[in-house]
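Okay, so here's the structure we're looking at.
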Amino acid sequence: MYAERLLPHDPDAEESVIGSLLIDGDALSKITSFLKSSDFYLAKNRWCYDACSSIFERDEAINQVSVAHELSLIGRLEEVGGSSYLGYLVQSVPTSLHIEHYAHIVQQDSVMRQLITVAGDIATIGYDGTTDVDASLSRAEDLLYKVRAGRGTRDFVHIRDVLDSYMEETASLDLTDGRHLAPIPTGFPEMDKLLGGLQRSDMVVLAARPSLGKSTLAFNIAQFAAQSGSSVGIFSLEMSSEQIAIRMLSGQARVDSHRLRLGMVSEDEHRRELDAIGFLSELPIYIDDTPVQGVVEMRGKARRLQAERGLDLIVVDYLQLMTGGSGRSDQRVQEMGEFSRSLKGMARDMDVPVLACSQLSRAPEQRPSHRPLLSDLRESGSIEQDADVVAFIYREDVYTDETEWEKRNPEKPYPRNIAEIIVAKHRNGPTGSVPLFFRNDVVKFESLQQNVGTRELV
């Protein structure tokens, strides 16, 4: 039934766009931000538009003669119908004043044709018969997302409009709880003071060497965000959902995680465990522990979660476990760059912060100071470039024992279980460091103020 129908297109609108350009070449600046040559259905009009664009890029005059010459150079003049077709276009359009209206018609028809093409591609996915339904749905959603993303164009806006939008959002905070507008708190006052919370559309990278607590800190932040009313989605490529749940349970109940896993808890600890289960069960935390997945699948799942239950924060643990499907080591650096850019794009498109954990290279262990640097980010410099915030976890007690510390710093107490959160990059604010206390028994970071009196301060 559909095979007999023509694809959506409007020859008159296409001809009116080209004709408008032939009589007023400067009008191209009004439409070039949203109209592409691929939006034209008829090849001859597409070639004419390309010719106009090429002339415009060289800052030369666009008219019937120059376009005919450009088409002749690329061997397309006779295929479009010669100079007579260009003359017809000039005669058919009395003015260029309505070029934007014509261009929008052409673009809209192009979107409809893309939808028809995507519908066929989605049907093919359905007929493939794969058993991985989630992967198939993600592929289908990504196809539709690309159509929508391609339609979303940006152009210059006056600062007045930006400020008006800001004032509207700020004013709406007084009318609602402001959860979706305000930054996401980390739960650590010192870190919130430095960062101002996790900002919408920001990509925040939390990096460290293995076993220094990057996953723990990310989950601590996720839990506090959820306690503050934010909906949190966690993509865990390393740990299972059960492992994450037990970590959160241990920290909330303040029961040793090892004994909790083995069921070796006292009566009082069991009571705290039940209370913690009841508390955590009510939090809007959603965990996806698919071990092998890429950004496309993540984005599809995140969009579904946002549409169905809301989403204010995305946590990815961790970057180096993501896959692009190539499996080739020589392409790994390029893949990591694509992952980084895609996560930043997802943060902007969904208007939520993305907190991504990342491994550091072995370089810190080879330096005398052991303190991490931005250049230590593993496998890709794109991570540093794309991230709005880069924070490192550094623990002196991992690299220096107590005896050696006393020799070097006789006046200072040993920094046992003290983690320094080093904000090495902050695109929109200051850098600095924040000390936190790490409780290894319950796998939890805490603010130093929470531990005053129970330990020595550095």
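Bear in mind that the values in this text are calculations on the coordinates, not laboratory data. Model, not experiment: these values are computed from the prediction. All Cβ positions, glycine included, derive from the backbone under ideal geometry; neighbour counts span all protein chains shown.
If you take every DSSP beta bridge whose two residues both sit in the chain, what share of them, in percent to the nearest 5, is antiparallel?
45
Take every Cα-Cα pair in segment 189-451 and report what % of them are more than 26 Å apart.
42
Give the lysines whose C-alpha is closer than 18 Å to that of Lys444, dropping any in the same chain fewer than 8 places away, or say none.
Cα-Cα hits under 18 Å: Lys214.
Between segment 46-109 and segment 373-414, how many Å separate their Cα centres?
60
So how do 52-62, 392-402, 349-359 stack up, highest first, on mean other-Cβ count within 10 Å?
The most tightly packed comes first, giving 349-359, 392-402, 52-62.
Please work out which option in (1) 69, 48, 45; (2) 90, 52, 51; (3) 63, 62, 44 gives Cα extents along the principal axes in Å calculated from these coordinates, and answer with its label.
(2)
What is the antiparallel percent of DSSP beta bridges lying wholly in segment 189-451, to the nearest 5?
Roughly 45 percent of the DSSP beta bridges within segment 189-451 come out antiparallel.
In the structure shown, do any of Lys44/Lys301; Lys36/Lys425; Lys344/Lys412; Lys30/Lys146 have a Cα-Cα gap over 32 Å, and if so which?
Violating the 32 Å Cα-Cα cut-off are Lys44/Lys301; Lys36/Lys425; Lys344/Lys412.
Could you give the size of the charge dipole of the chain about its Cα centre, using +1 on the Cβ of each K and R and -1 on the Cβ of each D and E, expressed in debye and rounded to the nearest 20?
Result for the chain is approximately 900 debye, rounded to the nearest 20.
Among 246-255, 302-311, 64-73, what's the highest-first ranking by average C-beta atoms within 10 angstrom per residue?
Ranking the peptides 246-255, 302-311, 64-73 by packing returns 246-255, 64-73, 302-311.
So what is the 222 nm mean residue ellipticity for the chain from helices alone, if each DSSP H run of at least 4 adds -39500 (n - 2.57) and you divide by all residues, rounding to the nearest 500 deg cm²/dmol?
-15000 deg cm²/dmol
Using a 10 Å cut-off on Cβ atoms, rank the peptides 420-431, 259-270 from the highest mean neighbour count down.
Peptide ranking by packing, descending: 420-431, 259-270.
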